[in-house]
Amino acid sequence: MSETFFPSVIEMRGTDIGSLRDASLTVAGDVNWSVRPGEFWVVAGQQQSGKSDLLMNAAGLVAPVRGSCRIFGCETGSFGEAQLAERLRVGFVFAGGKLFNHLTVAENVALPLRYQKNLTAAEAAEAVGALLELMELAPFAGSTPVNLAVNWRQRTALARALALQPELLLLDNPLAGLGVRHRQWLRQFLDRLWRGHEWFDGRPLTLVVATEDLRPWQDARRKFALLHEKKFVPLGSWAEIENMDHAAIRELMTEAAGKG
């Protein structure tokens with residue numbers, strides 16, 4: 001009997017992750033990780049543990065130092081124009097948003113549509129307007145990010161990542177600096193994306209979140225992993241990690257872990 005094959009969204013095998021800050025350093029070695037369609041992964045680690053570097057590799061934005069990294073079955077080390085379609089299936093929200101302060105909120109969100117779809121500002125306006133309404137950003141459409149609180153800058157960064165309606169969404173420390181109401185809104189919104197949001201015609205997204213604080217992501221249906229001392233360790237479910245006697249995990253489940 002032949003086995004049914006379900007291709008991974010992300011597949012790392014024997015992968016060494018290099019540091020974006022220092023190319024001579026490896027922040028994680030021999031990573032073996034599979035992310036299946038429709039999963040929601042939370043990758044936890046302290047500051048400077050390499051979470052951003054791991055996500056950049058997982059998104060295909062940089063190539064691994066060694067080993068294999070595939071996105072939708074495509075090897076990222078050979079990404080080029082021929083693989084553009086695969087790359088556009090991935091949305092990425094950088095830590096801090098990394099918005100363009102000389103552009104308005106609406107112009108930042110429109111960038112992927114204008115650059116990748118060659119749309120004019122007028123052609124992109126309808127889609128951008130609907131997305132801003134969805135994320136409660138319409139009142140700030142004409143504002144520049146530098147004049148917004150971090151809560152709204154983070155939503156703008158997420159809106160930009162969603163503009164091309166990706167199938168895989170990666171977010172680097174998305175709750176950092178957010179107020180209580182905005183943290184709750186973002187978690188609930190990401191859950192709606194994961195389950196199938198009307199913006200995506202009910203199509204569920206695959207999500208990967210990097211965090212310094214595990215507590216806000218408690219959910220029996222999510223999968224968790226730890227990045228610690230240059231090792232990537234899949235942990236399993238929330239029920240499993242709650243019972244683990246691991247100092248690094250305990251630190252990431254304390255109030256102080258999310259600060260600094």
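The values are calculated or read from the model by the stated rules, or taken from the named source; none is laboratory data. Since the structure is predicted, the reported quantities are computational estimates derived from the model, not experimental observations. Here the Cβ positions follow ideal geometry from the backbone for every residue, glycine too, while neighbour counts run over all protein chains shown. These accessible areas exclude ligands, DNA and RNA; they are computed on the full protein's heavy atoms, side chains included. Shrake-Rupley method; radii C 1.70, N 1.55, O 1.52, S 1.80 Å.
Structure notes:
- The chain, dipole about Cα centre (Lys/Arg Cβ +1, Asp/Glu Cβ -1), debye to the nearest 20: 280 debye
- Rounded to 0.05, the FRET efficiency of the PHE200 and ASN118 pair, given R0 = 22 Å and the Cβ-Cβ distance, is 0.50.
- The chain: Lys pairs at Cα distance under 25 angstrom, eight or more positions apart or on different chains: 11
- Length released on extending from ALA125 to VAL146, taking residue separation times 0.36 nm less the Cα-Cα span: 5.4 nm
- Qualifying chymotrypsin sites (Phe, Trp or Tyr not before Pro) in region 37-136, where qualification requires a DSSP coil assignment and no more than 16 other C-beta atoms within 10 Å, comprise PHE100.
- For region 40-125, alpha-carbon Rg relative to the globular expectation (2.2 N^0.38 Å, N residues): 1.29
- Largest accessible area first, the listed residues THR26, THR15 line up as THR26, THR15 when surface is computed with a 1.4 Å probe on the assembled protein chains.
- Scaling against 2.2 N^0.38 Å puts the C-alpha radius of gyration of region 112-164 at 1.10.
- Portion, in percent, of the accessible area of the chain that falls on carbon or sulfur, probe 1.4 Å: 51 percent
- For region 197-232, the set of trypsin sites (Lys or Arg not before Pro) satisfying both a DSSP loop assignment and a count of at most 13 other C-beta atoms within 10 Å is given as ARG221.
- Counting only the Cα atoms, region 118-260 fills a convex hull of 142 Å³ per residue.
- 0 to 90° range, to nearest 10: angle between helix 150-162 axis and the chain longest Cα axis: 90 degrees
- In this structure ASP53 has an accessible area near 20 Å², from a 1.4 Å probe over the protein heavy atoms.
- Sequentially through region 96-112, phi angles give Karplus couplings (6.51, -1.76, 1.60; θ = phi - 60°) of x, x, 6, 8, 8, 6, 8, 10, 6, 4, 4, 5, 4, 5, 6, 3, x Hz, Gly and Pro residues having no value and appearing as x.
- On Cα atoms only, tilt of 121-134 relative to the major axis of the chain in degrees: 60 degrees
- The calculated 222 nm mean residue ellipticity attributable to helices in the chain amounts to -8500 deg cm²/dmol, summing -39500 (n - 2.57) over DSSP H runs of n ≥ 4 and dividing by all residues.
- Of the GluC sites (Glu not before Pro) found in region 1-64, those in coil by DSSP whose Cβ has at most 12 other Cβ atoms within 10 Å are GLU3.
- Cα-based helix-to-principal-axis angle, 180-195 vs the chain, degrees rounded to 10: 80 degrees
- Under the criterion of Cα pairs below 8 Å and six or more residues apart, the relative contact order for the chain equals 25 percent.
- Maximal additional length on extending the SER24-ARG250 stretch stands at 78.3 nm, based on 0.36 nm per residue less the C-alpha distance.
- Expected-Rg normalisation [2.2 N^0.38 Å, Cα atoms] applied to region 179-260: 1.21
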